[in-house]
1. Could you check, for the range 33-55, whether at least one of its residues is among the small types (Gly, Ala, Ser), under 17 Å from the mean Cα position of the chain (by Cα) and part of a strand (DSSP E or B)?
2. Could you check how many residues of the range 235-244 are surrounded by fewer than 15 Cβ atoms within 10 Å (Cβ to Cβ) and either more than 21 Å from Thr19 (Cα to Cα) or of a type in the set (Gly, Ala, Ser) (or both)?
3. Ala87 versus (1) at pLDDT 95 or above; (2) more than 20 Å from His227 (Cβ to Cβ); (3) out of contact with any Asp or Glu (no Cβ under 8 Å at 6 or more places or on another chain); (4) not basic (Lys, Arg): which is the lone unmet condition?
4. Could you look through the range 250-291, keep only residues that are hydrophobic (A, V, I, L, M, F, W, C) and farther than 30 Å from Lys207 by Cα, and pick out the one that is farthest from the chain's Cα centre (by Cα)?
5. Name every residue in the range 97-141 that is touching a strand residue (DSSP E or B) at 6+ places or on another chain (Cβ under 7 Å), under 22 Å from Met47 (Cα atoms) and outside any strand (DSSP E or B), in order of residue number.
6. Does Glu113 fit the bill of being free of Cβ contacts under 8 Å to residues at least 12 places away in the same chain and over 15 Å from Val248 (Cβ atoms)?
7. Quick one: how many residues across the range 231-261 are closer than 21 Å to Gly120 by Cβ and either free of Cβ contacts under 8 Å to residues at least 40 places away in the same chain or among the small types (Gly, Ala, Ser) (or both)?
Amino acid sequence: MRKIILDTDIGGDIDDSITLAYLLMKKDCEILGITTVNGDVERRAKMVSAMCLNMGRGDIPIYPGAGNPLICADVQSGVEQADHLGAWPVQGEFPKYEAIEFMRKTIRENPGEVTLLPIGPLTNIALLFSVDPEIPKLIKDMYIMGGAFGSTHFEIGPRNEWNIACDPHAAKIVFDAGVKEHYVIGTNVTLQVKMNAEKFKEITDIKVMKPVHDFCKSWWWEEIFFHDPLAAAVMFNKDICGFERGKVDVDYKSDLYPGMTKFTSDENGGAYVALSVDPDKFFEEYFSAVK
């Protein structure tokens, strides 16, 4: 049983909701809690709550986290998908200003057992590591959806990836924190894992996906990219991606592309960066749970 804390900016791209659906259905996954990050974290928490309550999982603690980046300006304040919560029941109130302490306390109560799964900007994780510098050594491991490595973003040249760019200073803190084992899933691989939107609509007609279907009213593109779900899936099947060990550096000073990531191969590095992916293996893993 893998114990995880999910940190999410649900309400932007639809892939956060798709990830949560997978985790709620995954039988060997114990969700210890969910924190939200970036922008209107309360509305993001309501979306999380709607999905959890829909599956009878009101027991999962939900904590709104940091709404603003550490230093740079917020570039993602809106949560359009929350406009479609409609009649979905949500938790009445959420604990305020407790997200970081919740993560810190949970990890210290379960040393060496907790996996961190940040699939949004890394503000909450940077604050956690800054408040308690021992935490990077106390977690089991960490799986980050962020960065771009060994490829171009949309095949037109180097680009920064959204999660890292939203708070590059936080990303710098996290990647420099000395986490003993962290897996980094960037857009160089996630852009290869996609599905036609019309085909995706066909799979939203199951219980866990019902809220996602409504949220999608603000996100019907021609294709759905499974960025965040890929990071979640490799927690349970690392063979989905080909990883190389090394170090990740974040350029947080660039005015043009803040948050550009650079990977350097190093057999002593703590980062395992995905450089290849098998989409068929991913979809086999994902739909083994979501069916």
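The values are calculated or read from the model by the stated rules, or taken from the named source; none is laboratory data. Keep in mind that what you see is a predicted model, and the values were worked out from it rather than measured. Ideal geometry is used to build each Cβ from the backbone, glycine not excepted, and the neighbour counts take in all protein chains shown.
1. Within the range 33-55 (the criterion being among the small types (Gly, Ala, Ser), under 17 Å from the mean Cα position of the chain (by Cα) and part of a strand (DSSP E or B)), the answer is yes, since at least one residue qualifies.
2. Final tally of qualifying residues: 1.
3. (1)
4. Restricting to residues being hydrophobic (A, V, I, L, M, F, W, C) and farther than 30 Å from Lys207 by Cα, the top hit is Leu256.
5. Glu98, Ala99, Phe102, Met103, Ile119, Gly120, Asn124, Ile125
6. The answer is no for Glu113.
7. 5
Each row is one residue, and each column tells you yes or no for (1) farther than 30 Å from Asp141 by Cα; (2) touching a residue at least 60 places away in the same chain (Cβ under 8 Å); (3) crowded, with 17+ Cβ neighbours inside 10 Å.
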| position | (1), (2), (3) |
| --- | --- |
| Lys180 | no, yes, no |
| Val189 | no, yes, yes |
| Glu198 | yes, no, no |
| Lys201 | yes, no, no |
| Thr204 | yes, no, yes |
| Lys207 | yes, yes, no |
| Cys216 | yes, yes, yes |
| Pro229 | no, yes, yes |
